[in-house]
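Notes for the one structure printed next.
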Amino acid sequence: MKKLTFIPLVFAGWLRYLMAVDDAGRPFELSPDPLLSSVCPRLEKIKLGNTEHMEAITPILCDKAIFGVNLQDVGLSELVRDYFKEMCAGEGAVRRALEQHLNA
């Protein structure tokens, strides 16, 4: 599991998308999704440029209804959290993370 790159990167990208802030720091409207009301409130404390409060995403990463498995139980939650943290580091962080991990 620790050798996986793309799947955890996609999961981290989805979490970053749920922050409703683009890579330039501009807010945008999320597409309709029945999960928004349950997952978005967990991300409210996480802000672009401030990677504190990463523990807020743990319940999402453990939700079998979202991912089909508990990502913590299968050893993927830490990698998803690390990628997500990279993507939240500031403006342009999503692009940098994708370039770094997809060109590796």
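Every read-out reported here was derived from the displayed coordinates using simple, explicitly stated rules and does not represent laboratory data. Keep in mind the model is a prediction, meaning the values are calculated, not measured. Every residue, glycine among them, receives a Cβ derived from its backbone with ideal geometry; neighbour counts consider all protein chains shown.
Given H placed on each backbone N at 1.01 Å, which residues far from VAL21 in sequence or on other chains put an amide H within less than 5 Å of it?
Amide H neighbours of VAL21: PHE28.
Loop-only check: which GluC sites (Glu not before Pro) in the stretch 1-71 are DSSP coil with at most 12 other Cβ within 10 angstrom?
Of the GluC sites (Glu not before Pro), the ones in loops of the stretch 1-71 whose Cβ has at most 12 other Cβ atoms within 10 Å are GLU29, GLU44, GLU52.
Return one quarter of the surface area of the convex hull spanned by the alpha-carbon atoms of the stretch 49-97, equal to its mean projected area, in nm².
Value for the stretch 49-97: 3.4 nm².
Bin width 5 Å, origin at 0, all Cα-Cα pairs of the chain: what percent of pairs per bin?
The calculated distribution, bin by bin, is 2, 13, 25, 25, 21, 11, 3, 0.
For the chain: lysine pairs with Cα atoms under 26 Å, gap of 8 or more or different chains, count?
Lysine pair count for the chain: 9.
Can you list the HN-Hα couplings for the stretch 74-79, worked out from phi with the Karplus curve (6.51, -1.76, 1.60; θ = phi - 60°), rounded to whole Hz and with x for Gly and Pro?
Rounded to whole hertz, the list is 9, x, 9, 4, 5, 5.
What number, rounded to the nearest 500 deg cm²/dmol, is the helix-based mean residue ellipticity at 222 nm of the chain, given -39500 (n - 2.57) per DSSP H run of at least four residues and division by all its residues?
Roughly -13000 deg cm²/dmol at 222 nm, from the helical runs in the chain.
Mind checking the dipole of the stretch 16-90: about its Cα centre, +1 per Lys or Arg Cβ, -1 per Asp or Glu Cβ, Debye to the nearest 20?
100 debye
So how far apart, in nm, are the two label points at ASP82 and ASP63 if each is 7 Å from Cα heading toward Cβ?
About 2.5 nm, to one decimal.
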